[in-house]
1. Would you call ARG353 under 28 Å from ARG317 (Cβ atoms), of a type in the set (Lys, Arg) and under 22 Å from the mean Cα position of the chain (by Cα)?
2. Can you tell me which residue within the stretch 122-134, out of those that are surrounded by fewer than 19 Cβ atoms within 10 Å (Cβ to Cβ) and assigned to a helix (DSSP H, G or I), is nearest to the chain's Cα centre (by Cα)?
3. Of the numbered conditions (1) in a helix (DSSP H, G or I); (2) out of contact with any Lys or Arg (no Cβ under 7 Å at 6 or more places or on another chain), LYS396 satisfies every one except a single condition; which is it?
4. Does TYR218 satisfy the criteria of being in contact (Cβ under 8 Å) with a residue 60 or more places away in the chain, crowded, with 17+ Cβ neighbours inside 10 Å and hydroxyl-bearing (Ser, Thr, Tyr)?
5. How many residues, within the stretch 251-294, are modelled with pLDDT under 85 and among the hydrophobic types (A, V, I, L, M, F, W, C)?
6. Of everything in the stretch 221-258, what is assigned to a helix (DSSP H, G or I) and either of a type in the set (Lys, Arg) or surrounded by 18 or more Cβ atoms within 10 Å (Cβ to Cβ) (or both)? Give them in sequence order.
7. In the stretch 415-429, how many residues are under 23 Å from MET179 (Cβ atoms) and either loosely packed, with under 15 Cβ neighbours inside 10 Å or without any contact (Cβ under 8 Å) to a residue 12 or more places away in the chain (or both)?
8. Run ASP119 past the list (1) in a loop (DSSP other than H, G, I, E, B); (2) out of contact with any Ser or Thr (no Cβ under 9 Å at 6 or more places or on another chain); (3) surrounded by fewer than 24 Cβ atoms within 10 Å (Cβ to Cβ) and report the number of the one that doesn't hold.
Amino acid sequence: MKKISLYIGLALFFTLASCTEYLDVKDKGQVIPKTAEEFSALMHTYLRNIDEGSDYAILGAYGTTVSYEGYSDNLDGDLNTTNRVPLYIGADINSMTTRYATLYSIIKDCNIVLENMDDRISELGKKTAAIAFALRGVCYYNLMRGYCEPYDKATAVTMNGVPLVEKFDMEGKPARSTMQETIDFIVGDLTTAIGMNQTDKQYRFDVNVMKFYLARTYFWAQEWELAAATAKEVLDMYPLVKGEEYVAMMKSEVEQKGNELLRSGIKKSLGYTELEFGYVKGRPVSQRLVDLFTEKENDVRYGMYFNNKLLNNKVLRSVIRSAEMCLIMAESYAHLNNTKDALYYLNLIRSHRIAPYTDYTEATLPVVDPTALITTDATGKALTPLLAAILNERRKEFYMENGDRWFELKRNGRPEFWWGYAGRKYETQKFLYTFPIPKGDILLNSALEQNPGYGEY
C-alpha cells in the first residue's frame, strides 16, 4: 500500500514557509499541541464546523445539498431556474479544487494528532485518537467517492485511488494509490476507530457513526455481506421511526431528532435554512421524481416534500440517519440474490412511510421503467424489478439530503443527460461524475495522474 506523504499545492507551501520563517512571532495564546487537551481542541475545530453548519467537506452544509440536487435530475432544469442553484456539475467543477484541498488539510491535522500525541492512555487521549482515525477515514471516503471513478470489482487493484497520506512531508510527491488500496486504508482507519469504542456523543463521531461510514464504504466497494452486517448493527441501535416522530424529525430545521446519528447546523438558530430553501424554490421538482410517489395520499413524504406547484417543500438536510442503513441492507441482499431479506428491508422502510401499506412480493413489484435515467445497477447488470424498486425508494427517501441522488447516479452507470436553458445545451457527460484532481497539484507533482476527460481543460 502506498502510504506516503502529500504535497498539497503552492498556497499551502507558502503558508507553511511563512510559519517556518516567523516561528518567533506568535499570537498570544497560540500553542503547538503537546497535551491531549490541545490535540482534542484541534479535532474539535472540525466538529464545531459541523455543528455550526459551516463544514463543506466532511458532512457538508445545506448549501452543499442544494448544489448536489442541482447537479442531479431531482430538479427540473428545463423550466424556471435560478442562478443560485447550479444547472449542472460543469458550472461548479472548479470549486471541487477547494474541496479537495480542504479534505487533505483535515487529513493533515488528523495525522498531526496520530503522529505526535503521546497520550493514548487517558480517556481524553483515547477519545481524541479515535476521532482522528475516524475523521481521516471519512475524509478519504469523501475523496474516493468524489475524485475516483466508480468502483469496479474486476479492476479495483489497478484503477486509480487517491494519494494516501500518513505523515506530512513538504518534499513528498506521491502517485495515486490503487482503488483497492484506498478502500483498504479507509476500512483500516474506521475499524481502528471503532475498536477504540468512543461513545461520547459530544465528540459527534461515536462508535455508531463510525460503523455508519464503514457500512457506506463496504457498500461502495460492493462488499455486500459486510455492508449488510455492519448496517444492521447501526439499524439495531437506531430503529426506523414513523408517524409523528418521523414528521417531527423531517420538519426540524436544526435540532437532531429521531434516528439521526449526525447532523449539520445543530447550533444554528431557526431560519438557518431559509435562504437556501428559497433558492431551491426557483427550480421545479422533476416530474419523474413526483411520479414515483404512486401512493400519494398515503405516503407521509409526499405532502412534506412538494407543494401543489411542484416546488420543493422539504427542509434541506445534511444529515446521516439509519434509514440509509435499511436501504443498504435491502440492496446488498438483492445483489446477494437473497430476495427474501431484500424484500423484507424494502417493505420495512415503506411500511414506515405509507399507511395503510401492503407488502411488495416478487409478483407485485412494479415493472422496470425503460425510460428511467438509471438502467443498470452498480455491477453493470440490467436492473431487475427488485433493484429498481429499491433505488426508487432511496431516491424518494433521501431527496434534498446530502447529495445522495448524485452519487447514486454515479454508482449506477453514470447516465448522461442534458438540460436546455436560455438557448444553450448543458450536458452532464459521463466523465463529469468524477471530479478533477487540481491542476496546481499536478503541475507540482508529475507523479499525479489526472482523471479521464480533463486533459483538454
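1. For ARG353, the condition - under 28 Å from ARG317 (Cβ atoms), of a type in the set (Lys, Arg) and under 22 Å from the mean Cα position of the chain (by Cα) - is not met.
2. Applying the filter and picking the extreme gives LYS126.
3. Answer for LYS396: the failing condition is (2).
4. no
5. Result for the stretch 251-294: 4.
6. Result: TRP224, ALA227, ALA228, THR230, ALA231, LYS232, VAL234, LEU235, TYR246, MET249, MET250, LYS251.
7. So the count comes out to 2.
8. Looking at each condition in turn, ASP119 falls short on (2).
The values are calculated or read from the model by the stated rules, or taken from the named source; none is laboratory data. Note that the structure is a prediction, hence the values are computed from the model and not measured. Don't worry about glycine lacking a Cβ; one is built from the backbone with ideal geometry, like all the others, and counts go over all protein chains shown.
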